[in-house]
Structure formats: structure tokens, C-alpha cells
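Where a number appears in this text, it was derived from the coordinates with a stated rule and is not lab data. Since the model is a prediction, treat every value here as computed from it, not as a measurement. Here the Cβ is made from the backbone with ideal geometry for all residues, glycine too, and neighbour counts use every protein chain on show.
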Amino acid sequence: MTDVVKVIEVLAQSEKSWEDAAAKAVARAAKTLHNIKSIYIQNFEAKVEGDKIVEYRVDAKISFLLTEE
């Protein structure tokens, strides 16, 4: 049997940090996906208001192992 990995792209945001945004992406994906193996952050972005960062955003690719039913 050969393992097959699927990759999805997700966008996530946090008021705390990029790390928190990445953690939220994985936590949300885990609600409907199983066997998550990795996350690759493709892009970092931040929203700025009044000379301060108010929101951290990540564009992430999450990979997970497909299983046979």
C-alpha cells in the first residue's frame, strides 16, 4: 500500500501572533480532517491600524494522509 498525501490551502488570522494564526488553522482543519501531517506557511501578512499591528494573517498549506475506507 502506498501512502497518498493531500494538501489544502487555508487562510487564518489572529489578534495575537502569526504562530497563533497557524495554530488556529490546524485546529480548525482538524475538525474535519484526520491524519494531519504538516503545515507550510506560504505567506505572512499583518493588518495595521493607527501604526500598530491589529491582526496577524497566514496563508498556509496543510497536508494530511488519505486513508482507505
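Structure notes:
- Per-residue extension of 0.36 nm, minus the Cα-Cα distance of Ala30 and Glu55, leaves a gain of 6.7 nm for this segment.
- Using the Cβ of Trp18 as centre and a radius below 10 Å, the other residues enclosed give a net charge of -1, where K and R count +1 and D and E count -1.
- Cleavage-rule hits (GluC sites (Glu not before Pro)) in the range 1-68: DSSP loop, at most 15 neighbouring Cβ within 10 angstrom: Glu15, Glu68
- FRET efficiency estimate (nearest 0.05) - Cβ-Cβ, Ala23 to Val48, R0 25 angstrom: 0.70
- Here the simple spin-label model places points 7 Å from the Cα toward Cβ, and for Ile41 and Leu65 these points are separated by 2.6 nm.
- Trypsin sites (Lys or Arg not before Pro) restricted to the range 18-69 and DSSP loop, no more than 12 other C-beta within 10 Å: Lys31
- Under the Debye formula (equal points on every Cα, no solvent term), log10 I(q)/I(0) of the chain at q = 0.15, 0.23, 0.24 Å⁻¹: -0.51, -0.91, -0.97
- Restricting attention to the range 4-66, the count of lysine pairs at 8 or more positions apart or across chains with alpha carbons under 19 Å apart stands at 11.
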